[in-house]
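Down below is the structure, laid out as structure tokens.
The values are calculated or read from the model by the stated rules, or taken from the named source; none is laboratory data. Values in this document were obtained by computation on a predicted structure and should not be read as measured data. Reconstructed Cβ throughout: ideal geometry from the backbone, glycine too, with neighbour counts over all protein chains shown.
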Amino acid sequence: MILQSNSHFTEQAVRLALLGLPYILSVTVVFLFWRLFVLRDAKSGRPKHLREPPGPFALPIIGNIHQLGSEPHTAFVDLAKRFGDVMKIRIGSRPVIVLHGKQAIHQALVRQSVDFAGRPDFFGFRTTISLGGGSLAFSNYDEAWKLHRKLADNALRHFTSGRQSVAFERRVTYEATELIKFIMGTNESTVVDLSQILKFSVSNVIFNLLFESRHGLEDAKLKKVVDGNDLFIEEISGSDIADFMPWLSPFIRHKMKAFENQVKLFLSFLEDSVKDHIENYGEGRESDILYYLMTLLDSMDSQQREKVTDKRILATVNDFFGAGLETVATTLSWVFLYAIYYPELQKEIQDELDEVVGRDRLPTLADRGKLPLTEAFLAEAARHSSVVPTTIPHMTTRDTVLEGGFNYFIPKDTVVFVNLYSLQHDPKQWDNPEKFNPRRFLIEDGNGIKLDVDKVDSMMRFGGGRRRCIGSEVAQMELFLFFTILLHQCDLRNVAGQDLTLDGKGSLLVIRAYPYKLEITRRS
Ligand code: HEM
């Protein structure tokens, strides 16, 4: 009986438990849902009617790191196929929004520029700012940054437009011809890996712009800048893992210290160059960017002057080398690789140059607009290689809603990755995007074939909005002059037996071509 009643009780209990199970489960689910979403909403401040961007399930501790692989820009594209052009992932414990495609990127960077104009407080950025006294590229969006950016914009525009642009053009042309002399010596033909030497030439262009001086292409000082910059780029492009897993900091302190020392060394070297140069400054001098900036500072009222310390001027020097050396030299490296990979296109470009420029003078910036295939080739090389695959990471400056049909809530201080590669290889925008085809940038109008400038702009290779690359005009002048002068003066050829690949290797900040050699022969 007892047994019976016991079994009855057990049966009853089981039945009750089974009947109650869905109830208990529902209550648990509702509770968890409340904990996970409603409570988090309260924390993030997301209004109930707004969604947050979708994204893949994130593992504890590492988040989605395991899904990013060695080429995050392509891994992001694969994830975006499942989750859409605005996606939320987690790197370690930190939420990151990743933007893909023209519509989302243009909406954030250009239309809602201020909301997305911040920079995260990453360790590498913080270190550069604190040791360098500021940074255009890495400082967050605030009043001092705005003033600094205005000054630097002003200075660069001064030297790349009007009468001053002629002097700048002369300097770049000189560097391009010195490069040819240096490589060729008295030979008619030579075999060379251009990647490193291009950095010396481009470095000289920046030296010239900032200090109105240049160095021999084997000069130890120049080598110091290029080597220092290489290490800096290496460190800064491998975003520090402690930015996303702060608890790891104590374990990688030695690595952080090494980076600090590297930045210190590089900055102290630049500081010496700046000091030497500034000693010769005379009131009102404007012959290079440093003097021009000093003259601008002199004309400021005390309130403005307080925001822009002398250290910020040094930071500008660092910014120009950091952002303008690797990008231009690596793009040129790609451009010459495409030229030997597609010899028939190289020949067509040389024919175009010979027809428009002739053989009695060198190409000049005034020839731009008359050389559609040459310019289309440069544009396609930039698109196909995606040299700078993502912008420098952004951060939201306030709680915002990404408009333009997306309607996603993104809280203040959220890190945002902008995947330019996705835009430049988007099959919706580019027919057969993996094919190298410069003619995609040509259009025919009543007056013949010309460059489709809107299409060139649509690849947003310099970003957009408040944080758009400040050196885009300098870069385009350099790329045009180095490329056209080299092809006008020389034939470039692949070296017998060398297998070329158009695959790149790199990080989020820069994609480099695999090392290659080319054979250069003087043209008659
Ligand atoms: C082919 C050459 C170049 C490419 C593809 C390139 C591309 C870019 C991109 C994508 C950004 C990030 C924009 C963003 O974060 O949204 C950027 C920022 C920047 N670039 Fe360039 N760049 C080039 C050359 C140069 C040159 C020659 C200079 C200087 C002389 C320069 C100076 C800067 C600076 C200072 C920033 C930071 C701007 C800011 O945060 O406000 N860049 N560049």
* With Asp445, Asp457 as the choices, which residue is within 16 Å of the ligand (Cβ to nearest atom), out of contact with any Lys or Arg (no Cβ under 9 Å at 6 or more places or on another chain) and charged (D, E, K, R)? -> Asp457
* Among residues of the stretch 312-353, those that are assigned to a helix (DSSP H, G or I), away from the ligand (no atom under 16 Å from the Cβ), of a type outside the set (Val, Ile, Thr) and touching a residue at least 60 places away in the same chain (Cβ under 8 Å), counted -> 7
* Asked: With the stretch 173-279 as the region, which helices (runs of 4 or more DSSP H) entirely inside it contain at least 3 residues that are without any contact (Cβ under 8 Å) to a residue 40 or more places away in the chain and crowded, with 19+ Cβ neighbours inside 10 Å?
  -> 195-211
* Structure fact -> Taking the stretch 356-380 and keeping residues in a loop (DSSP other than H, G, I, E, B) and within 19 Å of Gly448 (Cα to Cα) leaves Arg368, Gly369, Lys370, Leu371
* Residue among Thr414, Thr400 that is surrounded by fewer than 20 Cβ atoms within 10 Å (Cβ to Cβ) and either of a type in the set (S, T, N, Q) or at pLDDT below 95 (or both) -> Thr400
* Asked: In this structure, does Thr400 turn out to be farther than 30 Å from Lys264 by Cβ and of a type outside the set (A, V, I, L, M, F, W, C)?
  -> yes
* Asked: Do we find that Arg305 is among the charged types (D, E, K, R) and within 14 Å of the ligand (Cβ to nearest atom) in this structure?
  -> no
* Asked: Of all residues in the stretch 104-142 being at pLDDT below 95 and in contact with a Leu (Cβ under 7 Å, 6 or more places away or on another chain), which is nearest to the ligand (Cβ to nearest atom)?
  -> Gly132
* Structure fact -> Scanning the stretch 468-477 residue by residue, those within 7 Å of the ligand (Cβ to nearest atom), out of contact with any Leu (no Cβ under 7 Å at 6 or more places or on another chain) and not aliphatic (A, V, I, L, M) turn out to be Arg468, Cys469, Ser472
